[in-house]
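Structure first, then comments.
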Amino acid sequence: MWDTKCSASRGGQTFVGLLKTIYIKAYKNAIIMNNKVGIGLIGSQFISSIHAEALKSVSDARIVAVMSPTKTHVENFAKKHGIHYYFNRLEDMLAMDDIQMVVIGAPNHLHCEITEKVASAGKHVVVEKPLCLNLNEADRMIGACKKANVKLMYAEELCFAPKYVRLRELLNEGALGKPVLFKQSEKHDGPHADHFWDVERSGGGVTMDMGCHAIEFFRWLNGRNAVISVYAHMTTSVHQGRTKGDDNAVIILEFENGVVAVAEESWTKLGGMDDRAEIHGSEGVAYADILQGNSIQTYSMKGVGYSVEKAGDTKGWSFTMYEEVWNYGFPQEFAHFVDCVKNDKTPLVTGEDGKAVLEVIFAAYESAGKGRKVMLPFHTDADKPYKLWLK
Ligand SMILES: NC(=O)c1ccc[n+]([C@@H]2O[C@H](COP(=O)([O-])OP(=O)(O)OC[C@H]3O[C@@H](n4cnc5c(N)ncnc54)[C@H](O)[C@@H]3O)[C@@H](O)[C@H]2O)c1
């Protein structure tokens with residue numbers, strides 16, 4: 001096929017040699033383009049189940065393996081989701097050549113250490129919120145991924161939730177005029193697993209756990225304008241026996257462009273998860289409610305098998321979700337991250353965004369501790385946000 005007789009020299013390489021190189025490159029690219037991105041999941045409980053469900057709907061993704069230290073959990077998880085390989089040791093999963101992207105669904109205190117290992121194995125990283133426990137860890141994660149030339153993708157699904165995407169479009173087309181005030185809140189009656197309640201592993205209470213959603217949501221809505229100040233009030237109102245962390249918080253952000261954003265976070269709200277947002281502009285206002293606003297208003301004397309995350313007792317009136325994972329934007333988020341890996345695109349939400357969120361979280365705990373507004377940039381060597389509040 002390659003006739004060396006008619007080759008001409010160019011830059012030290014024959015013309016035919018050059019053609020060969022181009023052909024091989026194109027051939028390799030075609031293979032990558034035709035292949036699905038191989039995924040390794042870390043964790044086999046709450047959020048990893050959502051990751052597995054979401055990834056099943058991404059046509060360019062293939063879940064190759066799952067890893068988690070609990071033998072029975074990981075085995076059952078693999079069987080349930082039809083995943084061929086499962087491991088108890090991270091190193092074993094990272095040794096698989098078939099995996100290009102690893103999704104971290106482990107507790108907060110493990111995010112940094114696991115990210116560094118995944119990056120050094122040459123795999124792209126998707127890490128659940130919050131990015132990690134402190135700013136030093138954030139720098140280590142960003143540095144490790146840069147050094148290994150892999151992407152660090154920060155999983156903030158609210159930037160992909162279809163209702164919030166439409167809300168942002170309303171703002172961007174000018175339908176609401178100049179933005180003045182944003183509001184976002186997430187509320188339920190408390191997390192399902194011990195590590196969230198243990199501030200040494202989680203880094204903080206509801207501000208760390210759910211405030212991180214609001215902060216990135218505001219930044220994304222506001223075109224990543226800089227946050228210049230934070231004011232926060234935090235209390236442990238109901239769960240004093242269970243955690244040293246905050247179970248209720250109000251956080252006020254001031255942006256450089258004048259927008260004010262108010263986040264309300266609660267671990268004490270009964271009756272199922274709430275997730276809602278408002279945009280108040282100079283020429284309009286828009287309200288969006290991801291869960292109750294998209295649900296079936298249900299009355300049942302017996303109660304509903306499953307209505308919504310953390311619903312509690314569903315006898316009588318409750319709100320029943322349909323397509324909950326889709327309404328949150330998880331499949332859309334994973335379609336985007338897989339596209340970024342496959343086609344070498346820049347992620348919508350990166351490690352740097354996760355670090356910026358963490359900086360606001362630290363400033364919020366400092367503000368709640370000191371009882372005053374805190375200006376950004378905010379530098380701290382604190383190893384966990386809650387320490388700035390309780391010191
Ligand atoms: N985006 C969201 O809305 C959302 C929702 C829930 C949780 N999260 C985040 O996801 C992470 C996990 O939360 P969860 O609710 O799934 O917790 P979970 O307790 O339900 O699951 C944690 C999983 O991590 C595994 N694990 C523990 N130690 C490990 C280790 N050393 N190496 C690997 N895996 C390990 C456990 O075996 C378990 O499978 C947290 O960072 C949390 O903030 C995000």
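The values are calculated or read from the model by the stated rules, or taken from the named source; none is laboratory data. Everything numeric in this text was worked out from a predicted model, so none of it was measured. All Cβ positions, even for glycine, are placed from backbone atoms using ideal geometry, and neighbour counts span all protein chains on display.
Okay, here's what the table says:
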quantity: Unmet requirement for Lys151, which otherwise passes all of (1) within 16 Å of the ligand (Cβ to nearest atom); (2) under 17 Å from the mean Cα position of the chain (by Cα); calculated: (1)
quantity: Residue in segment 309-321 that is of a type in the set (D, E, K, R), touching a residue at least 40 places away in the same chain (Cβ under 8 Å) and not in a helix (DSSP H, G or I) present; calculated: yes
quantity: Flag for Pro69 being touching a Phe, Trp or Tyr at 6+ places or on another chain (Cβ under 8 Å) and surrounded by fewer than 21 Cβ atoms within 10 Å (Cβ to Cβ); calculated: no
quantity: Those residues of segment 215-244 which are closer than 29 Å to Glu352 by Cβ, of a type outside the set (S, T, N, Q), out of contact with any Ser or Thr (no Cβ under 7 Å at 6 or more places or on another chain) and in contact (Cβ under 8 Å) with a residue 40 or more places away in the chain, in sequence order; calculated: Ile215, Glu216, Phe217, Phe218, Arg219, Trp220, Leu221, Arg224, Ala226, Val227, Ile228, His233
quantity: Residue match in segment 305-316 (condition: under 30 Å from Met375 (Cβ atoms) and of a type in the set (Asp, Glu)); calculated: no
quantity: Qualifying positions in segment 268-287 - of a type in the set (Lys, Arg) and part of a strand (DSSP E or B); calculated: Arg276
quantity: Members of segment 274-322 found to be hydroxyl-bearing (Ser, Thr, Tyr) and surrounded by fewer than 18 Cβ atoms within 10 Å (Cβ to Cβ), listed by number; calculated: Ser282, Tyr287, Thr298, Tyr299, Ser300, Tyr306, Tyr322
quantity: Count of segment 288-308 residues which are part of a loop (DSSP other than H, G, I, E, B) and under 23 Å from the mean Cα position of the chain (by Cα); calculated: 3
quantity: Ile32 vs. criteria of a type in the set (A, V, I, L, M) and either within 9 Å of the ligand (Cβ to nearest atom) or at pLDDT 95 or above (or both); calculated: no
quantity: All strands (runs of 3 or more DSSP E) inside segment 84-148 with 3 or more residues being within 16 Å of the ligand (Cβ to nearest atom), surrounded by fewer than 23 Cβ atoms within 10 Å (Cβ to Cβ) and modelled with pLDDT of 95 or more; calculated: 85-87
quantity: Number of the exception - Met208 against (1) under 18 Å from the mean Cα position of the chain (by Cα); (2) within 26 Å of Glu173 (Cα to Cα); (3) of a type in the set (A, V, I, L, M, F, W, C); calculated: (2)
quantity: Subset of segment 169-196 (residues that are crowded, with 19+ Cβ neighbours inside 10 Å and either of a type in the set (D, E, K, R) or within 17 Å of His111 (Cα to Cα) (or both)); calculated: Glu186, Lys187, Phe196
quantity: Residue identified as farther than 21 Å from Phe330 by Cα, more than 15 Å from the ligand (Cβ to nearest atom), at pLDDT 95 or above and aromatic (Phe, Trp, Tyr) among Phe218, Phe182; calculated: Phe182
quantity: Helices (runs of 4 or more DSSP H) completely within segment 177-267 that count 2 or more residues being touching a Lys or Arg at 6+ places or on another chain (Cβ under 8 Å) and more than 17 Å from Glu157 (Cα to Cα); calculated: 194-197, 199-202
quantity: Hits in segment 45-83 - residues which are assigned to a loop (DSSP other than H, G, I, E, B) and away from the ligand (no atom under 12 Å from the Cβ); calculated: Ser57, Val58, Ser59, Asp60, Gly82, Ile83
quantity: Tyr322 of a type in the set (Phe, Trp, Tyr) and more than 21 Å from the chain's Cα centre (by Cα); calculated: yes
quantity: Filter result for Asp339 (within 18 Å of the chain's Cα centre (by Cα) and crowded, with 17+ Cβ neighbours inside 10 Å); calculated: no
quantity: Test for Leu158: is it part of a helix (DSSP H, G or I), within 16 Å of the ligand (Cβ to nearest atom) and buried (at least 22 other Cβ atoms within 10 Å of the Cβ); calculated: yes
